[in-house]
Each structure stands twice: as structure tokens, then as C-alpha cells.
Amino acid sequence: MNRALPLVILAMAILAFATMLLVVVPRAQIGSEPPAAGLRAYSPEELRGRAQYMSLGCVYCHSQQPRTPDQAPDGERGWGRPSVAADYAYDSPHLMGTMRTGPDLLNVGARLPSTAWHLTHLYRPRAIAPWSIMPSYPFLFEIKDHAAPGDTVVWLPREQRVAGKVVVARPEAMALVAYLLSLDRTYPAPASAIRDDGYSRVGGKP
Amino acid sequence: MTDPGHTATETESPRDQRKGRGLPHSIYALGGGLLLFALVMLVRDDILLRSGPPTPAAQDNGAIAFTPPPMSSIPNGPAGASIRHGMAIFENTGTEARAFVGNGLACRSCHLDAGRKADSAPMWAAWVSYPQYRAKNKKMNSMEDRLNGCFSYSMNGQDSPSGGPPPKGDPIYTDLEAYFHWLASNAPTGAKLKGAGFPKLKLSSLGYDRDRGRAVYAQHCASCHGDDGQGRRDLNGRQVFPPLWGANSYNWGAGMAQINNAAGFIKANMPLGAGNSLTDQQAWDAAAWIDSQERPKDPRQKGSVQDNAAAFHEGEKTFYGKTIDNHLLGTGTSPKPRL
Amino acid sequence: MLTIGLFLAISFLVSLAGLTALIWAVSTDQFSFGQKQARIIFIEGEEGHLDDPTAGSGSRDLERASIDRTTAWPVSLFLGAAVVWLVIGSFFGLIASLKLHLPDWLDENAVLTFGRMRTLHLTMVIYGWLSLGGIGTATWITPRIFHSPLRSPRFATWGAIIWNAGLIAGCVAIATGWTDGEEWLEIPWQIDGLLALGGGLAVVPVLRTAFGRSVDHIYVSGWYFLAALCWFPALFIIANIPGLFVGAEQATVNWWFAHNVLGLWLTPLGLGAAYYFIPKIIGKPVYSYSLSLIGFWALALFYSQVGIHHLIGGPVPTWVVTLSVVQSVMMVVPVLAVAINQHVVVASNLWAFRASLPLRFISLGAMMYTLASVEGSLEALRSINTVTHFTQFTIAHAHLGAYGFASFILFGSIYYMMPRITGRAWPWPGLITVHFWSVLAGFAVYFVALTIGGLLQGEAMLDAGRPFAQSVILLKPYLEARSIGGAVMTLGHILLAVNVAGILARSAADARKGETA
Amino acid sequence: MSEHPLADEAFEPYEPRRPVPLPVYWMAIALALWGAVTLWNDSTAQSSGVGQRLAEAGDMTRRHSAAGADLFAQRCATCHQANGAGVAGAVPPLQGSRFLGANPQLVVQILLHGINGPIAVGGDRFDGHMPAFGSVLDDGQIARLVTHLRATWGNGGEVEAAFVKAQRQATRERHASWNGGADLVSLDPAVGPQPAFLSAPPAPSDSVAMALARGGKAGGWACSACHGAAGEGRSGVPRLAGLPADYIAQALLAFSTGTRPSDIMGPIARQLDGPERVGLGRLYATMASASRARPELDGDLARGATLALQGDDRRDVPSCFSCHGPSGFGVAPIVPAIAAQQPAYTAGRLAALGRHGKDDAGAAVMPSVAARLSDADRRAVADYLATLPPSPAIDTDTKDAR
């Protein structure tokens, strides 16, 4: 430990080794899987919504990775089957998230396929769930006196409405909802799929 | 390793050597504890995650616990065919023994889970206790005699197409007995099996009361058996929840028409899936409400209801022969036109 | 499957072989150094005396004074900027925390939405406060342990300027919604170039000083600093290459990076500082100098492979997750080695702990490193992770590492270094005590609340019979407690900033006086 | 530099004789062993996880290629009985049925679309409802099933999958069941004289309920947006078609009062008044739609079938069908249909009932039954129910009158 160069070289070599294991080999393995059958690429509108999702930081409260029934009851919550690597083939960047301050969203398009619901929820989450701590996104909407033709009016419960005004969704809101509705990985998982099976040690079913 | 320029070690007193050791020891203890924890978690992952949920342990109060064989172990061949047919009769009595059934019930209406469920007069327990002397007809009864009684009273054979129970020696009896015999595979003969018959409930000083029972019935029974006690049919007209009184139910001669039997059955099994959730008193009262409704007449009745009550219902806990709301119970219902 | 299993086995065996070789080398004294080399940080007559920093000013030693003079300007720049980022970052953190239980507060503008506040907080405190502060500390300590003046300090100055410019641009980008979208990597890659360039420039003086040092031995802090300063640019550049990774593979890169930012960047910076300041302030060498070898190399071997434990139960290959789980638990070895070395010397000199505020910060920080690492090892176990994953528990844990450990050490380092850099005593020493107690109390509230809240939240989410809403409802009081703790911490940061501003202003006034005189 | 006296001048922290303390060795060795065991364990986990998925895929294939006799036992025996005797007065017998002797097209069509109306079999009249299997059995399964039925009770002759495919294709526009024997006799007169189909008086066209379902109340969220145009539900959204009208109306009331908490249904239900709840109940009760449910919870289908058909006496769990009807079609007015229900809904509801049964009025028995089901059981039974044909739609008004 009296020479700087070997120290630096060895330290970099160890990092390179770790990088090979944690990045290069998994990349090769995951990359060898084709996109899941049933998965479709995002449309331009959905990609615009995805950009909204990223820029508003939805990922910090919502995961997009349902777990196996061996580990957690995500399936029983309606969040969908455990996701596999092939489900994310078109996700760049990935938005798997690490927090569930809100529910998992990988299949929200399947369990909540109503655009109107999502618009209300984005405009005022607490109109739907009083306990919710999700931010409201009023800047994705416009308050108008009358809806113009082609406008999507946001429905609000009776007690939340403002008389003589209507809430209209901006294109950003429509795109975000389009992205949310595109989150639907309810097609069957490929059998050879890659995922963490560390909780399937049980092997057979009880 | 030892530093030549560092001479302190040579002059240290034993006390000094111990000094400063406390913290390393606690760090080792922390590390060791952590390690132990990791190992325990490994074991937990391995063993606990592997095991399924715990099953309730069987209690033992002197009687012998018995588990009937699984359905999948019914043998093939002619013996198996007879067992299977016996089971079919048991479950689908109105079809398989159509000529001898005069109501909307099946054997399994009272002997739950195809005669397998403990505390609802399971057939594996019945099989090993016959032939038996019965006070009901004051003679030694074979299983066939007993089944004949079931068809006469519980299945209300008098209103069936043939007007009575299957004749002696009918294959219906043989097949049912084959099924019972198989259900009782490896059961000890004559022993007291746990869960045999219906549980016997003690009657409190409150007795039983049909008005209290009406409330119990409305709260706990009516959603399935209907306010009118006629049970419920599915969309094909198939009886799902059995009728408890009226023309489509058991007649006044049935064992279930005695309040103590009904109370025991109710206590242990009703509401279905939530057995033993009612108190003994609620079970007695609900049974009283059900028993105080009119049902097909007792087929043994020759003269008046009062005569029959004296002849066959003496000492029974029943409303037979009593007058409720100006109606003499036991008069019987008029037979319903068959579907 | 065979090849993958092979990889797994090989990686673990390689790590174990490295560890075994290291333990063998240390126990048979293959490296001929010991406590003598540990004393390299002292100069004649220093040893055995408390180096009381809060009161005193510069060193009496002329050689060291000349060394310190070379680092004074770039280090002041790094530390000054770091403190500014800390204060701003804490405010954003506080706003984000408040928004979690006051969701309708400040919701009229996209810039102020929770997702952006939180991201700004993370970016500012990691890349502003901790990274700049860490580089500054390393730049200051390295010449001292090498007994050589800092070479090419201009590179460090430019590095600091470019890094800050990049960071400002990055924060503006995030605030306006332009982001790369991955946790810890939100700054758009187009701007990342500035950070990479700034970081690269900042490394040059340290490396050049190391290669041109005037003593033979490299003190342990030097190992950590040299390695960290080489590791980080490599990590940062690989993780930010646009378009190379997609989907699930990108997630492995994401967490390989994000955990290595802690493990191979903030941790070695913090540990290096602790390895220097603790013995230096107490005036006694560390407990077992050769043990620190194990601490360092085992950290490199094991910490570099732990990142994928963030994806336990996720859509990545089992083997890579398991590898990270195992290496996370193996981290116990280096953590113990470091703990023995650092805590024992403090524990046998508790009077110094009471006497010196910087030591108090640094030693507490080192203890929280032990705690955070132990907690991290446990959290990586599948049975525990299944509860804590996706909950506020991980937030508490991240703050135990980044705040309790790294920030506390940095606080202490600043309190030690600034008087030596400026040649002035702290203008308001009383504020240092208030700072210490406010951040300690605030952090205790923060950590305990989120740990308990996170565990309850995890338990609720594992029970299919409890609606998801319950996990949110039960969390609210703990989120409120977190805001209270965070507000108290922010208050402490302001006091630090006031003191730093004061000492810098006075030294600038001195300098002007010196010029006019 | 320092005015602080040293507490103990003599003491120096020292490097012990052994530079690496012994406990560190032990821990390193123990951790290495732990790591090795964990790695080995998890490598078996990986193969068992992959094995599990492969086995499921295999299960699926096996289910799709099940022999006709097995299909009969699984799919038909709950109603027609294992020996084909049917249920007197409710389910027609297969033994000696002229329908099985007729053109195979007839049986295939019945299986594809179901029957809704009176038929005469073996001299008895049945006024029932046979579910449509078209959405839960594929062509090969129907072909093998029909082959088995005809070989056992009809006049033999194999039916090919291609034949079923052609039949399915020929009637793909048909969304309703066959209207009893009167309708079927047109396919093959060999079935003998059949009772006339008296079309029920057209249900009072509940345009209000229909507008609510399709357009939502006052521009609000429409039922059909999530539950589907025909109430068929989708992954995570419950099926409504064929649920008893009263059950739906009661559920909407419970949502609105909060006795059945639901963040999604609560705000909608609060906007509805009594007649609207009843109208929506009737609307969905009479809707016919194909099953969209598929097993998706990794449940053990065999275990699920056991629970549904026989229950589990060790845990005192009665069979589902003992209350929900022999095919899970529900029993009006309050026992809901569970066949073809979305598995995530079934399992989640069971979990919620098992834990919070008390806040749910109207479900007195389910909480105690659900509480005795393990997580794996809930998933098993939910997945099994998802494989069943949907409950046939009935006109509740005429049924109640009967």
C-alpha cells in the first residue's frame, strides 16, 4: 500500500469485475429475451404521456413491478401477475420504481381502463379517495366557462363542482392518461421468462 | 506487526490491557448477533416459507377421531360402481331414487358434505353402529330398516310417485350401504366415533321459544332458507338451500322434526360455514321456530293427530299436536304438484 | 443455466479468495507496515495531544502551513458551494416532505409538484452537498497525508466551477421537467458531461499529488480517496451513456450505479475523512492500522456488487439478485474492521469526544456508518426485504447512510478544516453546539419515525385483506413527524451556513487588509 | 495546542498481537458459509421458479388437451352428474337423451352458445339455462368432449376440432343462447317434439340504467368503461353480468354508505339514488357475455376445484357450490354468481372478507369461511372459478314470478 498506481489499477479492476457481473452479464441475458408476446410498443401519444409521467416524478411513489404471490399479495390486489424482464422491452428509461407510497401501476390500464376516472383522479385525487396523499395536478387542466367542441370535460362529484365552470383536460393530461391506459401486461408471461425467483423456493404448491 | 518503535506494550499493566477492550468485544457481539440473525433468517426463509398454513389440531375427548377416505380412493370395478351409485343416490336423491322421494330434499341436505362431515350424522359413524335397537319402531334395526325410515320420514316417501319408501331388497339400499361401508373403511365397529350423530345440547332454564326463534331465524337463517322457509333454488330450479318446512320438506315423523335433533344440527353446522357461531340458546330457539311450522303429516298417523301424538310423539321435544295461531300442527300439508 | 450458475459461483469465490488472501496477508504481515505508518498523519510533538479545532487556528508547523496554503482556495470553493447546496437542498427536501402530508399545498405549478421537489432535493444534496464537500475534504486531506503541496490546484478550481455550473443547469432542467427519468440519474445526459468534466478536473490535483508525494507510505485515507476519485467518474459515465440500456437491463445499471454512488463514492470519501480526523483530533493512531486494509479491500470487493438488492423480487435474473444479497451481508466484514479501528480509539478517549465538537460530529457519523451498514445488510435479506422494500423504511435507511454517516462526517470535517483554511477561529462557536444538537435531535425524530412507519406500511401491504389505503393512512403521522425532524435539521444547516459565511467573510476581510497593509 | 489534560497519559490504543482479531475470522468464515448456502438455495429457487412456470405452461397444455372423459368430469358433472342422470326437474339427463343421438352439430352448438328456454328430454320438460362454454373451451376441447358424450350416451362417431371450428365460425355472430328446444329443433329435427319458446314479455326497456351504464351519471364515469360493455369485467375489474340484481343494488348501496369501502366505487355509488341502483342491478343481472376471466394468480387449479366442489373438512370450509349453486351461478337474490369471475377480484374479496367481514353487511357467512382460507387457497379457488363458464343471463322478473 505504498504505491499509488497498483492501488488505483486494482481498485478499478474490482469495479470492472463488479460491472461485468451486475451490468454486462445481466444485459446479455436479458437482451437475449425477445419482447413478450402480447407486448406492444408505445404509440407517440403514449410516449408523450410517458414523458409527463417522468417529468412529474410519478415513479417516486409508484412502482411498476408486481411481485410473485410467494412474496407479496400483489396479484390479489389486482396489480397483476409477477412481471418478467420481457415485459419491459420497450421501456426506456425503465420506470420500475422503488416506492409504493401509491399502488403499483404496471397494470393500471387493465384494472382502471376509464379515461374519465383517471382525469378526475389526476385533477383532484381526494375527490375520489379522501385519504389519498397523491398530489393533484391542476396545471394539466383548464377551467373554462363552457367546453369547446372537442374538449374533454372532467367529471367531478356533485359536492366538488364549481357552478358555471367546467374543468377541461389539456393535451398533457390526455397523453398522461393514454400512457396509464397503455400499462397493461395482463397477457400470459412467457415460460422461460427472466425474473427473481428467490421466493419460489417452495417449488411445488402447498 | 509489532512496531519496534512502540514500546508501550512492554510497560502496560494488566488493567491497561483490558482497557479499551470493552468496545471491540461489543462490536464482535454485534457482528455475531447479526450473523446469528442472518442464519435464523436463512432457516426461516427455508422452513417457514416452505410450510403451508397450519391446520387446526384435532382435539380428543375420549372418542376416536376418524377421517373417511378421500373420494379418489373409490375402487374401480363393480364394487366401485356400486359405491359410486350409492354416492349418487346420496347426493342426488330426487333423481336417482325419484320414485321414492316426496319432497325437495336429498340425503346430503342434513348429512352434510356427502355424509362425511362430523357432527352432522356422518354415514361412516352410522355404518359401524348398525344393526341397532331403536325405540322409534321398538325393534332391532338393520341399516336397510334405518334407510327405509329415512325415505319414509325425512324424504317424505308418502308423497313420492310410488307412495312410499323403496321396497325391501331394492338395490337403492345395497348401493347406499356400499357407499357407507366404503366411507367407514378402517373404522372400528361399535366404537364411539368422534362426531357421530348430532351433538346433544343441554336445555337451559329458558327452554326453547318460537318467538325468540323467529328473531334468530330472521337474522341468521332467512337469507339462505328464505323468510318462508322454502329454501332457495338456483336459476335452473335446482334446490340449493333446502326447504325447512312446508310440503317440500321432511314430514312430522322425521328425526329432524324433533327440536333437540334440529338444535344440535343447527348448533354444529349452521349457518353453513360458520358452524358453532350461534349460542346453544339461539340454536334451540331457531329449531323451535322451524319446528312450529306445518309440514307433511306423519305417515304413521291412522286416527287423529292427538292419537298419533300419543302413540308416536310422547316425550319428544316437538310442536306436533300443539295448536299455534289457531292451527293444529300435524294436520299436514297438501302434497305439492311435482315439478 | 449452467453458465449463469458458474458466474455466480465464480464471483462469490473470487470475492472470498480476495478476502482470504487479504486476511492471510495481514495476519502474516506481508505488508510491512503497522502503527508506525499509522502515525504518518502526525508531525513531531502532535501525538498525544488533542487537536482542538474549534478554538485554534492554523498549524504551527511551517511545512504543513505551506501545504494548507496550496489547498485553501479550491477547498474553500468546494466547501462554500457545498454548504450553499446543502441549505437549498434541505429546503427542497422539507417542501417535499410537507407535500406528502399536505398534498394540496403549492399544487398550482408543475415546478412545485412533489416529484420535482423530491428530485431536486436528492440531486442537490448528493451531487451538490455531499459530492462537492467530499471532494473538498479529499483535496484538503490528501496533501497533508502525503506531506506535499497540492499539485495543479487550478484544475481543482476549474473542476469546482464547471461542476457547479453543470449542477445548476441540471437542477433547472429537472425543475422544468427535463429529466432522464431514472432515480439518481435524473440530470439529463447532455448536462452530465459538465459534471463528468468537472469531476475529472477535480481528480487531477489529487492524483498528481499522490504520484509526486514526498513520503513513501500512503495513509489509509489516501487509499479511500484515490479509489473513490477514480471509481466515481467511471460509474457516472457508464451509467449515463444514453441509449445503451433498455428496460429491465437498465434497471440493473440504474441500481448498480445508485448503490455504488453510496458504496464507492460517498462511503470512501466519508471513511477516508474519518480515518484522518478521528486519530488526528484525538492525537492517537487508530486501534489496528493493518486491519484497515481489510476494511478497505473488502469494501471494494463486496460493496461494488450489492446494488441489485434494490430489485429483490423484480424482473431481473435470480442469480444477480442473490449475488447482491450475499455480498450485502458479506459487507459485515469490512464494516466490522472499520468499526473496530475507529470506534475503539474514540471509546478509549471519551474525554476527547466531549471536548471536541468536530470529533463529536465525525465519530457519531462513523458510528452511524456502522449502523447503516448493519441495517443495510439485514435489509438485503429476502425475508426482511419483503417487508421493507417499497416502503419509507428504505428512505430512513438512505438518510442514515447519506445524512447520519456522510453528512455528519462532513459537518465535522468542515468545522475542523475551515479555521485551518482561513486562519480564523469560528465567529460564533455557540452556533456549532446548537447545530450539533438540532441536527442530532432532528435526525433522530426523522429516522425513528420513518423506520417505524415504514415497517408498519410494509406489514400492511403484505396483508391482502387490508386495503392499500390502510398503508397510506397509517403512514401519515409518521410523515408529519418526518417533516418536523426535517425542519429542525434544516435549521441546523442554516446555522452552519451562517458560521461558514461569517468565517469566509472575515478571512476575506483579512485578505483585503493584508493587501492594503 | 491543547489545555485539556489527558485522562490517562499512560494508555495508548495499541495494535494487539494478532492484527486481525479472531472473531473477525470466525465471522468471515461463517458469513462465507452462509453465503454459499444462500447461493445454492437460490439457485434451486431459480430452477424451481422456472420449473413452476414451465409446469404451469404444461398444466395449460394439459388442460387444453384433457381427454373428453376428464373434461366431462370437470365441466359437466356438477349439473348433469357423473353418471349423466341429470337432476330431476332441473337438469336434463344425458342418459338416453335424443340430443346426443342427433347431428353432432347440435351438441357442439349447445356447448358453444348454451340454452335458455324450455326443452323436452326423455319425456320431461326442463325450463333451464345451460351456460355457454364457447368462451372457456377451445375447439379441441369441445371436440373431445362431444366425442366422449356421444360415445357414452349417444351414437358414437368422432368429432374433429376442425368441425367445431367451422361451427364456431358459422355462428360467430350469435351472442345469445339458443332459445330452448324450439330453437334447437331447427338444427336437427331428430330431437323430437319440443315445447314452444314463449319469449318473455320484453323487459321494460330500462333506458335510464342503460344510459347510466354506458355514459355515466351527469357525464361521470361510465360503468362500462371499466366493467366492459357487456359487464364482462377484465383483469382486476369484477364481472357484473349475471350477478343477481338485488346483490348488485345492495353492493352499490354499501359502497355509497361506506359499509363496503371502495375508493373507486364509493364516489360513483354516492351519486346514485335507489331506483338507479335497482335499475343497474337488473341491467347487469340480465346481461349475457362471454367470460373474460383467465387464471392469473398462479393458483393450484386442482386444489381450487376441490375447494369449490367439496370444500375442506379439515379446515371446516364448506364447498363454494353448496351455497353459490352447483356451478357457481349464484342463488338469487343475494348469493352472487362466482363462476367466470375475475380471479384478482375473487381472491382480493375473499382476503378482505376474511379480515374485515364485519364492515360488510349482507355477508354473514363468508367472513368466517374466508378467514379459514390460506393465501394459496384464495388464489387456487379464484383461479379455478375463472375457468368456469359464465352464469347464463336470465330475466329476473320472470324468474322471480316463477
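The values are calculated or read from the model by the stated rules, or taken from the named source; none is laboratory data. Not measured: the values here are computed from a predicted model. Using ideal geometry, Cβ is built from the backbone for each residue, glycine included, and neighbour counts are taken over all protein chains shown.
Any residue that is within 14 Å of chain D (Cβ to nearest Cβ) and without any contact (Cβ under 8 Å) to a residue 40 or more places away in the chain - is there at least one of those in region B:303-325? No, region B:303-325 contains no residue that is within 14 Å of chain D (Cβ to nearest Cβ) and without any contact (Cβ under 8 Å) to a residue 40 or more places away in the chain.
Name the residues in region D:290-306 that are more than 12 Å from every other protein chain (Cβ to nearest Cβ) and surrounded by 24 or more Cβ atoms within 10 Å (Cβ to Cβ), would you? Hit for region D:290-306 is D:SER291, nothing else. The single condition among (1) part of a helix (DSSP H, G or I); (2) without any contact (Cβ under 8 Å) to a residue 24 or more places away in the chain; (3) more than 20 Å from C:TYR127 (Cβ to Cβ) that C:TRP223 does not meet is (2). Among the residues of region A:74-88, is any touching a strand residue (DSSP E or B) at 6+ places or on another chain (Cβ under 7 Å), free of Cβ contacts under 8 Å to residues at least 40 places away in the same chain and at the interface with chain C (Cβ under 7 Å from one of its Cβ atoms)? Scanning region A:74-88 turns up no residue that is touching a strand residue (DSSP E or B) at 6+ places or on another chain (Cβ under 7 Å), free of Cβ contacts under 8 Å to residues at least 40 places away in the same chain and at the interface with chain C (Cβ under 7 Å from one of its Cβ atoms). Checked against the criteria, C:TRP265 does not count as in a helix (DSSP H, G or I), closer than 30 Å to C:TYR416 by Cα, within 10 Å of chain A (Cβ to nearest Cβ) and in contact with a helix residue (DSSP H, G or I) (Cβ under 9 Å, 6 or more places away or on another chain). Screening C:ALA398, C:ALA380 for residues that are surrounded by fewer than 24 Cβ atoms within 10 Å (Cβ to Cβ) and within 14 Å of chain A (Cβ to nearest Cβ) leaves exactly one candidate, C:ALA398.
Restricting attention to helices (runs of 4 or more DSSP H) lying wholly within region C:340-444, give those where 2 or more residues are over 21 Å from C:ILE282 (Cβ atoms) and not basic (Lys, Arg). The helices (runs of 4 or more DSSP H) meeting that bar are C:357-380, C:382-388, C:392-399, C:408-422.
Listed by position, the helices (runs of 4 or more DSSP H) enclosed by region D:217-324 that each have at least 3 residues that are closer than 23 Å to D:ASP138 by Cα and within 14 Å of the chain's Cα centre (by Cα) are D:301-309. Can you say whether A:VAL24 is more than 9 Å from chain C (Cβ to nearest Cβ), surrounded by 13 or more Cβ atoms within 10 Å (Cβ to Cβ), of a type outside the set (Lys, Arg) and at negative phi, as far as the supplied structure shows? So A:VAL24 fits the description; yes. If only residues of region C:147-170 that are crowded, with 19+ Cβ neighbours inside 10 Å and of a type in the set (A, V, I, L, M) are counted, the one that is farthest from C:TRP73 (Cα to Cα) is C:LEU167.
For region D:175-205, name all the residues that are at pLDDT below 75 and either part of a helix (DSSP H, G or I) or over 16 Å from D:GLY117 (Cβ atoms) (or both). Talk me through it step by step, then tell me what you get.
Kept after step one, since they are at pLDDT below 75, are these residues of region D:175-205: D:198-205.
Across region D:175-205, the qualifying residues are D:PRO204, D:SER205.
For region A:72-93, the criterion of being surrounded by 23 or more Cβ atoms within 10 Å (Cβ to Cβ), in contact with a His (Cβ under 7 Å, 6 or more places away or on another chain) and modelled with pLDDT of 90 or more is met by at least one residue. Identify all residues within region D:276-311 that are without any contact (Cβ under 8 Å) to a residue 40 or more places away in the chain and under 25 Å from B:ALA222 (Cα atoms); write none if there are none. Of everything in region D:276-311, those that are without any contact (Cβ under 8 Å) to a residue 40 or more places away in the chain and under 25 Å from B:ALA222 (Cα atoms) turn out to be D:ARG277, D:VAL278, D:GLY281, D:GLN310, D:GLY311. Hey, can you tell me all the residues within region C:233-244 that are in contact (Cβ under 8 Å) with a residue 12 or more places away in the chain, in contact with a Leu (Cβ under 9 Å, 6 or more places away or on another chain) and at the interface with chain A (Cβ under 10 Å from one of its Cβ atoms)? Within region C:233-244, C:LEU235, C:ILE238, C:ALA239 qualify. Filtered by the rule that a residue be surrounded by fewer than 19 Cβ atoms within 10 Å (Cβ to Cβ) and in contact with a Gly (Cβ under 9 Å, 6 or more places away or on another chain), region D:31-45 gives D:ASN41, D:THR44. Name every residue in region B:187-230 that is touching a residue at least 40 places away in the same chain (Cβ under 8 Å), under 18 Å from the mean Cα position of the chain (by Cα) and assigned by TED's automatic domain parsing to the domain that holds B:SER292, in order of residue number. Matches in region B:187-230: B:HIS220, B:CYS221, B:CYS224. Residue-level check: of (1) in contact with a helix residue (DSSP H, G or I) (Cβ under 8 Å, 6 or more places away or on another chain); (2) under 21 Å from A:LEU7 (Cβ atoms); (3) surrounded by fewer than 24 Cβ atoms within 10 Å (Cβ to Cβ), C:ALA202 misses just (3).
Rundown of residues vs (1) closer than 24 Å to D:PHE126 by Cα; (2) in contact with a Leu (Cβ under 7 Å, 6 or more places away or on another chain); (3) more than 14 Å from chain D (Cβ to nearest Cβ), yes/no style:
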{"position": "B:HIS225", "(1), (2), (3)": "yes, yes, no"}
{"position": "B:ASP228", "(1), (2), (3)": "no, no, no"}
{"position": "B:VAL240", "(1), (2), (3)": "yes, no, no"}
{"position": "B:ASN248", "(1), (2), (3)": "yes, no, no"}
{"position": "B:TRP252", "(1), (2), (3)": "no, no, yes"}
{"position": "B:GLN258", "(1), (2), (3)": "no, no, yes"}
{"position": "B:GLY273", "(1), (2), (3)": "no, no, no"}
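Among the criteria (1) touching a helix residue (DSSP H, G or I) at 6+ places or on another chain (Cβ under 6 Å); (2) crowded, with 19+ Cβ neighbours inside 10 Å; (3) not basic (Lys, Arg), the one C:ILE218 does not fulfil is (1).
So how many residues does region A:113-136 have that are in contact (Cβ under 8 Å) with a residue 60 or more places away in the chain, at the interface with chain D (Cβ under 8 Å from one of its Cβ atoms) and either part of a loop (DSSP other than H, G, I, E, B) or surrounded by 24 or more Cβ atoms within 10 Å (Cβ to Cβ) (or both)? The number of residues fulfilling the criteria is 1. Determine whether region D:60-83 contains at least one residue that is small (Gly, Ala, Ser), in a helix (DSSP H, G or I), more than 27 Å from D:THR286 (Cβ to Cβ) and touching a helix residue (DSSP H, G or I) at 6+ places or on another chain (Cβ under 7 Å). Within region D:60-83, one or more residues are small (Gly, Ala, Ser), in a helix (DSSP H, G or I), more than 27 Å from D:THR286 (Cβ to Cβ) and touching a helix residue (DSSP H, G or I) at 6+ places or on another chain (Cβ under 7 Å). The single condition from (1) more than 29 Å from B:PRO70 (Cα to Cα); (2) assigned to a helix (DSSP H, G or I); (3) at pLDDT below 85 that D:ALA352 fails is (3).
Can you find a residue that is free of Cβ contacts under 8 Å to residues at least 40 places away in the same chain, assigned to a helix (DSSP H, G or I) and not small (Gly, Ala, Ser) anywhere in region B:262-274? Yes, region B:262-274 has at least one match. In the set A:LEU183, A:LEU176, only one residue is touching a Gly at 6+ places or on another chain (Cβ under 8 Å), closer than 30 Å to D:PRO295 by Cβ and either facing chain D (nearest Cβ under 8 Å) or not basic (Lys, Arg) (or both); that residue is A:LEU183. Within region A:27-73, the set of residues being at positive phi and either touching a residue at least 12 places away in the same chain (Cβ under 8 Å) or not in a loop (DSSP other than H, G, I, E, B) (or both) comprises just one member, A:GLY38.
Taking every residue in region C:466-490 that is of a type in the set (Gly, Ala, Ser) and pairing it with any residue that is surrounded by fewer than 17 Cβ atoms within 10 Å (Cβ to Cβ), at least 6 positions away or on another chain, the pairs with Cβ-Cβ distances below 6 Å are C:ALA469/A:TRP131.
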